[in-house]
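Undergrad: Dropping a structure here in structure tokens format, bear with me for questions.
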Amino acid sequence: MTTEQQPRVQWLGRWGFVLAATGSAVGLGNIWKFPYMTGEYGGGAFVLVYLVCILAVGVPVMMTEIAFGRRGRGSPIDAVRRVVTESGRSSAWSILGWMAMLCGFMILSFYVVVAGWSFSYLWKMLSGGLNGSGVDDMVAIFVANNENPFNLGFWSTLVTLATMLIVGKGVQAGIEKSVSWMMPGMVVMLLILIGYGVFSGGFGEAWRFLFSFKTGSLSSEGMLAALGHAFFTLSLASGAILTYGSYLPVRSSIARTTFGVAIADTLVALMAGLAIFPVIFANGMSPEGGPGLLFMSLPLAFQAMPLGTLFGILFFVMLSMAALTSSISMVEATVSWLVDNKGITRRTAAWGTGIVLWLVSTLAMLSFNLGADWTLAGRHFFDWLDYLTSRWMMPLGGLGMVLLAGFVLKSESFREELGLAPYWHALWLFMVRYVSPLGILVIFVDALGIARLEFGVHWPWLLAVLAVITLIGELLSPRLRRTLAS
Ligand code: PHE
């Protein structure tokens, strides 16, 4: 029997969706990626653009995605197809669902490698394998951890197994149950760590680094990175949020839950920055350490701190749990699609997906050792997965979703799903029609080198363009709908 005949399973508890979606959003993106990107792109200016992207693009896209999921009650492919056919539009739009599903899978393929770092560092903390006295020792440990494909592969395989075990158990018994203890646990651990960080030196410098905008103009590269990261950190356009939304009960407010998730996610990212940069500055390290930043700097600090081992263990347990609550969300789209369309059990779907994932992630893992020379245009397979998903697939997928919702599909569908008061609905519509698409396009134009935009100088022009486009768009709207839909 297909799900067309069965009612779709829903979150059991009142907090089921919020916990699961926050678990998906809060992950390595917040604790590992955000700090090192901020370091790489120069601090405050990057943080500002990132915050603007979350508000202007992330929140509207997330609301739209949840609405698609709940209305379509299915995996991204099925949900998008149902919602567009309901409006009498071509089911070819479900290509957006395919891209999202593929994107989630590609992200997971490199994500398990990084999550594997976290697991292995937890083990090192527990077994005393992190002894060393200086920055150089820590770099050497990190390099040695990566050099052996069997070691690195062991840890990423473990992450893959844990992910599939949880997902295989189902939405309520697997995902909901695991996030309902992992999320509160994570928050408690993070709070303890922050409390600790505030009293260690270097806090002031970290604060200034993150929140002072005098760094001047941010590179185009940095702007595109900030946008891509807004998508990544909120788990957008990769099937995760949409699929979780498909289990959302009708009585829940999409807007309220979206804001809750976005605020929690942003707070965790900023707190992670405030926990990590003090350590980096206090030890005279460069904030531009790249992907290894977290793993090379923090262990050093934990050694110097009183009760450092205990806090180190706490930190890596937290990081590993954050990674797991995200990784399960990345395969849920694929697994739910398989279950609904291929007539197989959830367990089979999960393990089948796991095997393919294991093969692809092994290739990504090899970028750090055997395949160190296998590059294409200067990027390893691992970097390609990250680059393609964050910079291209997620923004493009998000653009497709908001344009569909804003111009192509029947407005009643979204009015009903979102259930907003008229002025709030108008605001959402304005965001998905103009602000989010323009934001995404501007950054693409910039990144493709079509025009060079300087952050901080060109914003009045952008506002003017926005006003003009809005005016034209509103005048042409019914026609625009027809053109876009054909
Ligand atoms: N949001 C997660 C993080 O910040 C990553 C993620 C991306 C999860 C896409 C699901 C889908 O770590």
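Undergrad: Gain in length, Y423 to L51, computed as 0.36 nm per residue apart minus the alpha-carbon separation, to one decimal in nm?
TA: Length gained, Y423 through L51: 131.6 nm.
Undergrad: If you don't mind, there's one more thing I want to ask. From a point 7 Å beyond the Cα of I469 in the direction of its Cβ, which residues of segment 384-426 have a backbone N at a distance under 17 Å?
TA: In segment 384-426, the label zone of I469 (backbone N under 17 Å from the point 7 Å along Cα→Cβ) covers 395-408.
Undergrad: Mind checking the angle between helix 308-342 and the chain's longest principal axis? C-alpha axes, 0 to 90 degrees, to the nearest 10.
TA: The helix 308-342 is inclined about 30 degrees to the chain.
Undergrad: Quickly work out the A144-to-S90 label distance, labels modelled 7 Å from Cα along the C-beta direction, and quote it in nm with one decimal.
TA: 5.9
Undergrad: So, with a 1.4 angstrom probe, what is the percent of accessible area on the chain that is carbon and sulfur?
TA: Within the chain, the accessible surface is 69 percent carbon and sulfur.
Undergrad: Which residues make up the longest stretch of the chain clear of GluC sites (Glu not before Pro) that lie in a DSSP loop with no more than 16 other Cβ atoms within 10 Å, not counting the sites?
TA: So the longest stretch without any such site is 5-287.
Undergrad: Compute the relative contact order of the chain as a whole-number percentage, counting only Cα pairs closer than 8 Å that sit 6 or more residues apart in sequence.
TA: 33
Undergrad: Right, another one. How high is the FRET efficiency between A377 and I450 when r is their beta carbon distance and R₀ equals 25 Å, given to the nearest 0.05?
TA: Taking R0 as 25 Å, the efficiency between A377 and I450 is 0.80.
Undergrad: Another question about this same structure. Which angle between 0 and 90 degrees, to the nearest 10, do you get for helix 149-168 versus the longest principal axis of the chain when only C-alpha atoms count?
TA: Rounded to the nearest ten degrees, it is 40.
Undergrad: If you take the Cα Rg of the chain and divide it by 2.2 N^0.38 Å, with N the number of residues, what do you get?
TA: That ratio works out to 0.95.
Undergrad: What is the distance, in nm, between label points placed 7 Å from the Cα along the Cα-to-Cβ direction at V356 and at N369?
TA: 2.7
Undergrad: Which of M164, S87, V435 sits farthest toward the positive end of the charge dipole of the chain, with +1 on the Cβ of Lys and Arg and -1 on the Cβ of Asp and Glu?
TA: S87
Undergrad: Continuing with this model, one more query. Per residue, how large is the accessible surface of the chain? Use a 1.4 angstrom probe and give square angstrom.
TA: Accessible area per residue: 40 Å².
Undergrad: In the chain, if the dipole is taken from +1 on Lys/Arg beta carbons and -1 on Asp/Glu beta carbons about the Cα centre, which of P291, W351, A206 is farthest to the positive end?
TA: Result: W351, furthest along the dipole toward the positive end.
Undergrad: Hey, another quick one. Expressed as an acute angle from 0 to 90° and rounded to the nearest 10, what is the orientation of the C-alpha long axis of helix 459-485 relative to the principal long axis of the chain?
TA: The answer is roughly 50 degrees.
Undergrad: I want to check the label-to-label distance for S477 and I194. Put each point 7 Å from Cα in the C-beta direction and report it in nm to one decimal.
TA: The modelled label-to-label distance comes out at 4.0 nm.
Undergrad: Next up: How high is the relative contact order of segment 345-486? Use alpha-carbon pairs under 8 Å, at least six apart in sequence, and give a whole percent.
TA: This gives 20 percent for segment 345-486.
Undergrad: Then there's this: Using a Cα-Cα cut-off of under 16 Å, which aspartates and glutamates could be cross-linked to K169, ignoring same-chain neighbours fewer than 8 residues away?
TA: E332, D340
Undergrad: Could you work out how much longer the chain between L441 and V457 gets when fully extended? Use 0.36 nm per residue separation minus the Cα distance between them, nm to one decimal.
TA: Result for the pair: 4.0 nm of gain on full extension.
Undergrad: Based on a Kirkwood Rh over C-alpha pairs, give the Stokes-Einstein translational diffusion coefficient of segment 230-282 at 25 °C and viscosity 0.890 mPa s in µm²/s.
TA: 189
Undergrad: Where does the chain land at 222 nm, in deg cm²/dmol rounded to the nearest 500, when only DSSP H runs of n ≥ 4 count, each adding -39500 (n - 2.57), divided by all residues?
TA: That comes out to -23000 deg cm²/dmol.
Undergrad: Any idea what log10 I(q)/I(0) is at q = 0.12, 0.24 Å⁻¹ for segment 362-474, Debye with uniform C-alpha scatterers and no solvent?
TA: Cα-only, vacuum Debye calculation for segment 362-474: -0.62, -1.30.
Undergrad: From largest accessible area down, sort Y50, Y423; use a 1.4 Å probe on the protein chains.
TA: My answer, sorted largest first, is Y423, Y50.
Undergrad: Given the C-alpha centroids of segment 139-192 and segment 276-321, what is the distance between them in whole angstrom?
TA: So the two Cα centres are separated by 19 Å.
The values are calculated or read from the model by the stated rules, or taken from the named source; none is laboratory data. Keep in mind that this is a model prediction, so the values were computed, not measured. As a convention, Cβ positions derive from the backbone with ideal geometry for all residues, glycine included, and neighbour counts pool all protein chains shown. Note: accessible area is taken over every heavy atom of the protein model, side chains too, but ligands, DNA and RNA are not part of it. Shrake-Rupley method; radii C 1.70, N 1.55, O 1.52, S 1.80 Å.
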